[in-house]
Amino acid sequence: MDGRERFDLLALANHCSGRTVKGINLLNALYHCDGRSIPVAFELVQKPLQCDLVSRLVKRKSEKTKNEMMRQMIHACLQNTLQFHFVLMDSWFSFEENFDFITSRGKHFIAALKDNRLVALSQEDWKKKRFVRVDELQFPEQGAVQGWLKGSARAVRLVRQVFKNQDSSTGTLHLVCSDLTCDYDAITTTYKKRWQVEVFHKSLKSNAGMAKSPTQTLRTQSNHVFMAIYAVFKLECLSVKSKINPFALRFKLLINATRSAFDQLQKFQAAA
């Protein structure tokens, strides 16, 4: 990682925005470069299929899995010649098929792992199926180890990040990286940028009101989600030009609009 000034990232996340009827399940990809993030792909998870369960309840099912949608989004980004080095993912997408898809196209990934993922510490252990849980591994302090995930013959770098939550409790995050040149600091620092997806989703709800749509049909809901994403993108563009945080910028615009409306009201009252 030494000597590289920046890394263009494609961060992926799955979100569910609450509505009065049911949640909108949104899968999105965010492109992060030079401290700025822009949405480059999204998918609304539709569930038109119905399956009967043993409990006689009806559960809806999608025609495509979220992992299939994720790979399609990455493929679309590559077709559009989007330049990025890493794909950042949470544990939702930490599957060997996704890892193989990314590396086979000349890209690298950094992903969170569930604590029960099995890892071998040598190729011999991998061949003999001697695996240990990732949460039982011994990691050097702020160091990385090389290992092989069960189901994949590719060597990866593994790190354990220990952090404190707001309630003073301790949390643990296990990360896997396909770039064997990365050390602990490079992996953890790069993966931290995936949080921009969460900031983006917060902006969708707070600044664009995505969860407040009164729409009921598939087409109107899809249009509303697209326009909310576009509005956040335009707000980000204004933020770049004005050098004001998008949330502060939205508040500033709201104050100016309210002041303008109040001035107009004063003129109407004076003329009456």
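Search segment 235-258 for residues that are without any contact (Cβ under 8 Å) to a residue 40 or more places away in the chain and pair each with any residue that is assigned to a helix (DSSP H, G or I) and of a type in the set (Ser, Thr, Tyr) when their beta-carbon atoms are under 8 Å apart and the residues are at least 6 apart or on different chains.
Cβ pairs passing all conditions: Leu235/Ser203; Asn245/Ser239; Leu249/Ser239; Leu249/Ser242.
Here are the criteria: (1) assigned to a helix (DSSP H, G or I); (2) under 24 Å from the mean Cα position of the chain (by Cα). Tell me which single one Ile244 does not satisfy.
(1)
Name the residue that is surrounded by the most Cβ atoms within 10 Å (Cβ to Cβ), counting only residues in segment 151-198 that are at pLDDT 85 or above, over 14 Å from Val134 (Cβ atoms) and among the basic types (Lys, Arg).
Arg194
Could you please tell me which pairs satisfy a Cβ distance under 7 Å, a separation of 6+ or placement on different chains, a first residue in segment 146-158 that is over 14 Å from Ser94 (Cα atoms), and a second residue that is part of a strand (DSSP E or B) and aromatic (Phe, Trp, Tyr)?
Close Cβ pairs (under 7 Å, with a partner that is part of a strand (DSSP E or B) and aromatic (Phe, Trp, Tyr)) amount to Ala155/Trp148.
I'd like the full set of residues that are of a type outside the set (Val, Ile, Thr), within 13 Å of the chain's Cα centre (by Cα) and part of a helix (DSSP H, G or I), limited to segment 186-233. Write out each step before concluding.
Looking only at segment 186-233, we keep the residues that are of a type outside the set (Val, Ile, Thr), and these are 186, 191-196, 198, 200-214, 216, 218-219, 221-224, 226-228, 230-231, 233.
Next cut, within 13 Å of the chain's Cα centre (by Cα) only: 191-196, 198, 200-202.
Tyr191, Lys192, Trp195, Gln196, Glu198, Phe200, His201, Lys202, listed by residue number.
Need the failing condition index for His85 against (1) touching a residue at least 60 places away in the same chain (Cβ under 8 Å); (2) crowded, with 19+ Cβ neighbours inside 10 Å, just the number.
Condition not satisfied by His85: (2).
Take the residues in segment 233-243 that are hydrophobic (A, V, I, L, M, F, W, C) and touching a strand residue (DSSP E or B) at 6+ places or on another chain (Cβ under 7 Å); name whichever of them is modelled with the lowest pLDDT.
Ranking the qualifying residues of segment 233-243, first place goes to Val240.
Could you list all residues from segment 159-185 that are in a strand (DSSP E or B) and among the hydroxyl-bearing types (Ser, Thr, Tyr)?
Listed by number, the residues that qualify are Thr170, Thr172.
Criterion first (closer than 30 Å to Asp34 by Cα and in a helix (DSSP H, G or I)) does Phe99 satisfy it?
Judged against the criteria, Phe99 is a match.
Going by the structure shown, is Lys212 in contact (Cβ under 8 Å) with a residue 60 or more places away in the chain and either surrounded by fewer than 20 Cβ atoms within 10 Å (Cβ to Cβ) or over 23 Å from Ile110 (Cα atoms) (or both)?
No.
Okay, residues lined up against (1) touching a Lys or Arg at 6+ places or on another chain (Cβ under 6 Å); (2) closer than 30 Å to Glu136 by Cβ; (3) among the aliphatic types (A, V, I, L, M):
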residue: Ala186; (1), (2), (3): no, yes, yes
residue: Lys192; (1), (2), (3): no, yes, no
residue: Ser213; (1), (2), (3): no, no, no
residue: Gln216; (1), (2), (3): no, no, no
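With the condition kept exactly as written, say whether any residue in segment 127-143 is touching a helix residue (DSSP H, G or I) at 6+ places or on another chain (Cβ under 7 Å) and closer than 17 Å to Cys182 by Cβ.
We begin by selecting, within segment 127-143, every residue touching a helix residue (DSSP H, G or I) at 6+ places or on another chain (Cβ under 7 Å); these are 142-143.
From what's left, closer than 17 Å to Cys182 by Cβ: 142-143.
Yes; the residues of segment 127-143 include at least one that is touching a helix residue (DSSP H, G or I) at 6+ places or on another chain (Cβ under 7 Å) and closer than 17 Å to Cys182 by Cβ.
The values are calculated or read from the model by the stated rules, or taken from the named source; none is laboratory data. Predicted model only: the values in this text are computed from it and were never measured. Virtual Cβ from ideal backbone geometry, glycine too; neighbours counted across all protein chains shown.
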